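**Student:** I'd like to ask some things about the structure below.
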Amino acid sequence: MKAESVFIDGSWRKSSNGQTLDMVAPSTGEKIGVIARGTAEDINAAVAAARKAFEGVWGQMPAVERGRLLSKLGQAILDHEDELTDLEALDTGKPLKLARGDIKAAARYFEYYGGAADKLHGETIPFLSGYQVMILREPRGVTGHIIPWNYPAQMFGRALGAALAGGNATVMKPAEEACLSVIRLTELAADVGFPEGAINIVPGVGEEAGAALSAHPDLDLISFTGSPEVGTIIQKTAADNHVPCVLELGGKSPQIVFPDADQEKAIESIVGALVQNTGQTCSAGTRVLIERSIYDDFMNALTKRFKQLQAGPHDLDLNCGPVISKAQQERVLGFLERAEKDGIEVAAQGKIHEKAPEGGYYVPPTLYRVVPRDHELAKEEVFGPVLSAIPFDDEADAIRLANSTDYGLIAGIWTNSGARQMRLAKGVRVGQVYINGYGAGGGIELPFGGFKKSGHGREKGFEALKEFTVTKTVVINHG
Ligand code: ADP
């Protein structure tokens, strides 16, 4: 694998200054390889290659053929499922079962967008007599994509699937903490025959290659998934060149439980949506809001389930893996320490498996019993397996509480009353609402994105194709 290289204009090469970064397995803390430390010069070359591709072979390719290439890549990913699963689990520390799901999802993005490429079309508009108006839907041009470390393979599929289906030429900067699967997926993309320059990948440090990409004047759009802080920097930087941004940032997503819900089903789903990827999912359900009348009963059952959770190395395939890095481990443990100082009661804590290597970055899954509404555990994204329980009085209070953070990504609503389901779905200010279920990160077909500090723009589904393309109005005076 060409892990130590950047991929520009169809060829693998060393970064412009030859530097590399060490990659570490979160399960053990041990070095597993190196990646290229891409530079601003590499980003310049990648954007130029993308521009050339957009104005050349790739830009001229009929949609049906673009779609075929995407579908072929989807199949190639499935053909390499075992290898990619192992790589993703090793690189991110996520349990094997989850890594396998991620690889299947990456394939599914290319299948979905492969099928969609030739079904994205314009419109006509009735206008004055003697006129014909057409709305063409065109690619943006060159799109930049900065992705995080939590779901590298899925993010590759999500960003590039939609951007390429829309006819854009792309430059991606994957995350320095984990991107080995992205490099392998790029090799597969080259093997199935994407033309030179359609896909360019420059791994490296955020403040270097990432900053150079977001500041590049020759981009037509940038999509970013990551922290709100970096999202703000990227948006400000892109604004200097009037480059539009699609931002998918954090969340503090609520699971809202009413007394008439199927409690057993709710508990299983709430726990699953928290521990998925060790809580390192922007759409993780990290607040459980429970109606006061059932609070104690529900919490007792949730506590019992929570105590069974285990964290351990990816190959033991437990509920949680390690978190991604030492820094992230310290950040999550910092939340736990401050909560202890603030006297917030721990309701239950999962275990760290006895076979978890000493050097790995483990944190125990933790459930807090009653988190005050203004505490950081009720407001801020931890990005670890930490669940805050909070009681509410009635429906209006539940909506107020659900909307009381700076975020607005997704929400789960647990009730069997149809009217209440609908009122809540309309009342919460989030991009996705699940009723009697919860799909943290799931659903390739489902438009996804935030309100407020969770970002703006929509990815996934057909909406992403619209974001990554643009309309042009053509008015014909035919007399
Ligand atoms: P997290 O906090 O989850 O690590 P970040 O927002 O820091 O997420 O990182 C997400 C992506 O943004 C990574 O690819 C990272 O390299 C990149 N990045 C970080 N800082 C910057 C920056 N100043 N400009 C552009 N990209 C950045």
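**Student:** When the accessible area of the chain is computed with all protein chains present and a 1.4 Å probe, what percentage of it is carbon and sulfur? If you can, show how the numbers build up before the last one.
**Tutor:** Values: 9320 of 18430 Å².
Carbon and sulfur: 51 percent of the exposed surface of the chain.
**Student:** Here is a further query. Just to be sure I follow the definition: excluding the sites themselves, where is the longest run in the chain that has none of the GluC sites (Glu not before Pro) in a DSSP loop with at most 14 other Cβ atoms within 10 Å?
**Tutor:** On the way: sites that count: Glu345, Glu354, Glu358, Glu445.
Formally, the longest exposed-site-free interval is 1-344.
**Student:** How much of the DSSP bridge set in the range 254-442 is antiparallel, in percent, rounded to the nearest 5?
**Tutor:** Around 10 percent antiparallel, to the nearest 5.
**Student:** Here is a further query. DSSP loop trypsin sites (Lys or Arg not before Pro) in the range 64-159 with at most 15 other Cβ atoms within 10 Å of their Cβ, which ones? Before the final figure, lay out the partial values.
**Tutor:** Working: sites: Arg66, Arg68, Lys72, Lys97, Arg100, Lys104, Arg108, Lys119, Arg137, Arg140, Arg158; in loops: Arg140.
When the trypsin sites (Lys or Arg not before Pro) of the range 64-159 are filtered for loop state and at most 15 Cβ neighbours within 10 Å, nothing remains.
**Student:** By how many degrees, 0 to 90 and rounded to 10, does the Cα axis of helix 295-306 deviate from the longest principal axis of the chain?
**Tutor:** Here the helix axis deviates by roughly 70 degrees.
**Student:** Oh, and also: Rounded to the nearest 5, what % of the DSSP beta bridges within the chain are antiparallel ones?
**Tutor:** Numbers: 28 of 67 bridges.
Rounded to the nearest five, the antiparallel share is 40 percent.
**Student:** Can you list residues whose amide H is under 5 Å from Trp12's amide H, if they're 5+ apart or on another chain and H is modeled 1.01 Å from N?
**Tutor:** For Trp12, whose amide H was placed from the backbone, there are no distant partners under 5 Å.
**Student:** Would you be so kind as to identify which of Ala348, Gln310, Leu333 lies farthest towards the positive end of the dipole of the range 308-354, taking Lys and Arg as +1 and Asp and Glu as -1 on Cβ and the Cα centre as origin?
**Tutor:** Leu333
**Student:** Give the accessible surface of the range 205-354 per residue, rounded to a whole number of Å², with probe radius 1.4 Å and ligands, DNA and RNA excluded.
**Tutor:** Working: 6110 Å² over 150 residues.
Result: 41 Å² of accessible area for each residue.
**Student:** Something else about it: With only alpha-carbon atoms counted, please give the Rg and Dmax of the chain, in Å.
**Tutor:** Cα only, the chain: 22.9, 81 Å (Rg, Dmax).
**Student:** Right, something else. I'd like the Karplus ³J(HN,Hα) series for the range 160-166: coefficients 6.51, -1.76, 1.60, θ = phi - 60°, whole numbers in Hz, and an x wherever there's a Gly or Pro.
**Tutor:** After applying 6.51 cos²θ - 1.76 cosθ + 1.60, I find 6, x, 6, 5, 6, 4, x Hz.
**Student:** Moving on to the next point. Please give the charge dipole size of the range 36-118, origin at the Cα centre, charges +1 on K and R Cβ atoms and -1 on D and E Cβ atoms. Round to the nearest 20 debye. Kindly include the intermediate steps, with their values, before the conclusion.
**Tutor:** On the way: 11 positive and 14 negative charges, 47 e Å.
My answer is approximately 220 debye.
**Student:** Using the Cα centre as the reference, give the magnitude of the dipole from point charges on the C-beta atoms of the range 217-323 (Lys, Arg: +1; Asp, Glu: -1; all else neutral), rounded to the nearest 20 debye. Provide the component values of the computation, followed by the final result.
**Tutor:** Details: 8 positive and 14 negative charges, 76 e Å.
With Lys and Arg at +1 and Asp and Glu at -1, about 360 debye.
**Student:** Rounded, prolate or oblate for the range 9-135? Axes are the square roots of the Cα gyration tensor eigenvalues, ordered a ≥ b ≥ c, and the cut-off for rounded is a/c under 1.5.
**Tutor:** Working: a/c = 2.96, a/b = 1.65, b/c = 1.79.
Here the range 9-135 falls in the oblate category.
**Student:** What is the angle, in °, between the Cα long axis of helix 228-240 and the longest principal axis of the Cα atoms in the chain? Nearest 10 is fine, range 0 to 90.
**Tutor:** 20 degrees
**Student:** Right, here's the next one. Please list the non-local residues whose amide H lies under 5 Å from the amide H of Gly455, H modeled 1.01 Å from N, same-chain partners needing a gap of 5 or more.
**Tutor:** It is Leu249, by chain and number.
**Student:** For Thr20, enumerate residues with amide H under 5 Å from its amide H, sequence gap 5+ or separate chain, H modeled in the peptide plane.
**Tutor:** So Thr20 has HN proximity to Arg37.
**Student:** In Å², and per residue, what accessible area does the range 369-474 have when probed at 1.4 Å with the other protein chains present? Don't skip to the end; give the middle numbers.
**Tutor:** On the way: 4030 Å² over 106 residues.
With all protein chains present, the range 369-474 gives 38 Å² per residue.
**Student:** Compute the long axis of helix 81-92 from its Cα atoms, compare it with the longest principal axis of the Cα atoms of the chain, and write down the angle in degrees, 0 to 90, nearest 10.
**Tutor:** Here the helix axis deviates by roughly 60 degrees.
**Student:** Then there's this: Can you tell me the FRET efficiency between Leu136 and Glu330 if r is taken as the Cβ-Cβ distance and R0 is 51 Å, rounded to the nearest 0.05?
**Tutor:** Working: r = 51 Å, r/R0 = 1.01.
After rounding to 0.05, the efficiency reads 0.50.
**Student:** Roughly how many Å² of Met422 are accessible to a 1.4 Å probe, to the nearest 10?
**Tutor:** Surface accessible to solvent at Met422 totals approximately 100 Å².
The values are calculated or read from the model by the stated rules, or taken from the named source; none is laboratory data. Remember, it's a predicted structure, so these values are computed and weren't measured experimentally. So basically every Cβ, Gly included, is an ideal-geometry build from the backbone, and we count neighbours across all protein chains shown. Please note that ligands, DNA and RNA were not included when accessible areas were found on the heavy atoms of the full protein model with its side chains. Shrake-Rupley method; radii C 1.70, N 1.55, O 1.52, S 1.80 Å.
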